[in-house]
Amino acid sequence: MILTERKRLRLADYDYSSVGAYFITLCTKNKVKNLSRIIVGDGLPVPKNTVYGDVVKEYIDEIKVRYSGVYVDKFVIMPNHIHMIVVISQSGTGNPSPTISTVMGWFKYQTTKTINKLRSSPSESFWQRSYFDHIIRGQQDYDEQWRYIDENPIRWMHKV
């Protein structure tokens, strides 16, 4: 049996604990739409969280408490995925400094554990394996990712 090599998701030789901003996307397992619904509010589509989306929001807010010097500057909770701009604003005080992988691993673990209690499925995975990341390179790139997050509900409505 010939196994195909899994595509490398991270940039080789890049220090993901470096000060900077990172655009992150996490998808639910099998892209199940259980985080939010897109509704029209004030004329524009906006996400309305489900109870699972509320758990995700709680842990997004908790990142800055758990990891000093790391915070989520912008995010959107879509029906089957989330987008975030995660900022490492200073080298962490922990040893070793937190990496994006460490932060996302903790986030996925905590949200899955809490959501699984709510849905009475103690060992079921909630998120797809891994996540997508993009290292933001400069203000223009940052502004583009910010705009992408803002416009995601509009794109979703046109897609459906």
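Points worth noting:
- Tally of residues being part of a strand (DSSP E or B) and out of contact with any helix residue (DSSP H, G or I) (no Cβ under 8 Å at 6 or more places or on another chain) across the stretch 24-35: 3
- Every test in (1) surrounded by fewer than 17 Cβ atoms within 10 Å (Cβ to Cβ); (2) touching a helix residue (DSSP H, G or I) at 6+ places or on another chain (Cβ under 8 Å); (3) farther than 28 Å from P45 by Cα is passed by G105 save one, and that test is (2).
- Pairing residues of the stretch 44-64 that are of a type in the set (A, V, I, L, M, F, W, C) with residues that are assigned to a strand (DSSP E or B) and at pLDDT 95 or above, at Cβ distances under 6 Å and at least 6 apart in sequence or on separate chains, gives V56/I77; I60/V72; I60/F75; I63/V72.
- Leading residue by the ranking (nearest to G43 (Cα to Cα)) among those in the stretch 108-160 that are in a helix (DSSP H, G or I) and aliphatic (A, V, I, L, M): I154
- Only listed residue being surrounded by 14 or more Cβ atoms within 10 Å (Cβ to Cβ) and closer than 15 Å to Y22 by Cα, chosen from F75, F126: F75
- Within the stretch 60-86, being basic (K, R) and within 25 Å of R37 (Cβ to Cβ) holds for one residue alone: K74.
- So I100, is it closer than 20 Å to G69 by Cβ, surrounded by 13 or more Cβ atoms within 10 Å (Cβ to Cβ), in contact (Cβ under 8 Å) with a residue 60 or more places away in the chain and within 13 Å of the chain's Cα centre (by Cα): yes
- Of the residues making up the stretch 15-73, those that are touching a Phe, Trp or Tyr at 6+ places or on another chain (Cβ under 8 Å) and of a type in the set (V, I, T) are I24, T25, T28, I38, I60, I63.
The values are calculated or read from the model by the stated rules, or taken from the named source; none is laboratory data. The model shown is predicted, which means the values in this text are computed figures rather than measured ones. Using ideal geometry, Cβ is built from the backbone for each residue, glycine included, and neighbour counts are taken over all protein chains shown.
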